[in-house]
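Each remark here refers to the structure printed beneath this line.
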Amino acid sequence: MEQKTKVIAESGKQEMLITREFDLPLELLFKAYAEAKLVEQWMGTKVLKLESKKFGSYQFEKKDEQGNITFSANGVTHEFVPNQKIIRTFEMENTPFGVQLEIYKFEKLTDTTSKLSMHTIYESVALRDQVLQMPFAQGLNWAHNQLQEVVSKLK
Amino acid sequence: MNLRRDVFQAIADPTRRAILLLVASQSMTAGAIASNFDTARPTVSKHLQILTECELLEQKQNGREIYYNLNAKKMKELADFIEPFRKLWDDRFNKLETVMKKYKPQK
């Protein structure tokens, strides 16, 4: 089965392309990025601010049960063309990943399907590779902790 | 036969990861592996079968015994670091799709 979400990250480049085909009409796909309430639902973060327009800015935040902030990100929108394109910066606060430039292209495939291309440019090749490896490292970490748990029960 | 079984699905299970860790240091028989777990023997056999099907484990006949050892090549493939990243975005986009399918525009 072909994968719906594809990640293209050539080695030695500071950019990455993520594409995804959606079982959604173009207008609905675009709306998911443009409306705060919807972004909150699928991103699972609180949207403190989302100005969906040229020169607008946004702020996302996530807290744990104790109220500590576990994720905060912000950026500025450089271009906002409904149902076609969004260009924005993205920065995860308190991380070493720097600012990235995101170019989103929204395309209609059929009346009920659409495609998103997300082109991201990082400050350096090293930073891009770090971002790419983060979920892998977390997964390993998690697997390792689980293993330790299992192993400690073996004694 | 189920060769298309997803490797990542195979290692999502903590017992299976523990099995991989066990045989990483030495080849072991199914019995020796099972003796490390509280789980019933047939359950361990099932785990071994899954790990063998997705080629993370290899079987070697030694006399009357079958030994299991780690398939290093497949483990390396598993270490493809982009896959967890792709999975993260895939999950996120699946969520988007679900949310928007339920979305009713106010007219």
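Could you line up A:GLU10, A:GLU2, A:GLU61, B:GLU97 from fewest to most neighbouring Cβ atoms inside 10 Å? Provide the component values of the computation, followed by the final result.
Numbers: A:GLU10 8, A:GLU2 5, A:GLU61 16, B:GLU97 20.
Ordered from fewest to most neighbouring Cβ atoms within 10 Å, A:GLU10, A:GLU2, A:GLU61, B:GLU97 come out as A:GLU2, A:GLU10, A:GLU61, B:GLU97.
For the pair A:LYS63 and B:ALA40, what calculated FRET efficiency results from E = 1/(1 + (r/R0)^6), where r is the Cβ-Cβ distance and R0 = 30 Å, to the nearest 0.05?
Working: r = 42 Å, r/R0 = 1.40.
Approximately 0.10, to the nearest 0.05.
How high is the relative contact order of chain A, in percent, counting Cα pairs under 8 Å that sit 6 or more residues apart? Write out the running numbers ahead of the final one.
Numbers: 291 pairs, mean separation 33.6, N = 155.
Relative contact order of chain A: 22 percent.
List every DSSP H helix in chain A whose Cα atoms extend 30 Å or more along the helix's own long axis and whose mean Kyte-Doolittle hydropathy is at least -0.5. Mind showing how you got there, number by number?
Numbers: long enough: A:125-154 (43 Å, -0.03).
Both cut-offs are met by A:125-154.
Quick one: order A:ASP64, B:ASP90, A:ASP23 by neighbouring beta-carbon count within 10 Å, fewest to most.
On the way: A:ASP64 9, B:ASP90 18, A:ASP23 15.
Ascending number of Cβ neighbours within 10 Å: A:ASP64, A:ASP23, B:ASP90.
Taking a ≥ b ≥ c as the square roots of the eigenvalues of the Cα gyration tensor of region A:1-146, is the shape rounded (a/c under 1.5), prolate (a/b larger than b/c) or oblate? Display every interim value, and only then the final one.
Working: a/c = 1.43, a/b = 1.20, b/c = 1.19.
Rounded, because the longest to shortest axis ratio a/c is under 1.5.
FRET efficiency for A:ILE8 and B:ALA32, Cβ-Cβ distance as r, R0 = 35 Å, nearest 0.05? Write down the numbers at each step before the final one.
Details: r = 44 Å, r/R0 = 1.25.
That gives a FRET efficiency of 0.20.
What is the fewest-to-most order of B:ARG86, B:ARG16, B:ARG41, B:ARG64 by other Cβ atoms lying within 10 Å of their Cβ?
Working: B:ARG86 18, B:ARG16 21, B:ARG41 13, B:ARG64 6.
In order of increasing Cβ crowding within 10 Å: B:ARG64, B:ARG41, B:ARG86, B:ARG16.
Readers should treat all values here as calculations from the given coordinates under stated rules, not as data from a laboratory. All figures in this text were calculated on a predicted structure; none of them were measured in a lab. All Cβ positions, glycine included, derive from the backbone under ideal geometry; neighbour counts span all protein chains shown.
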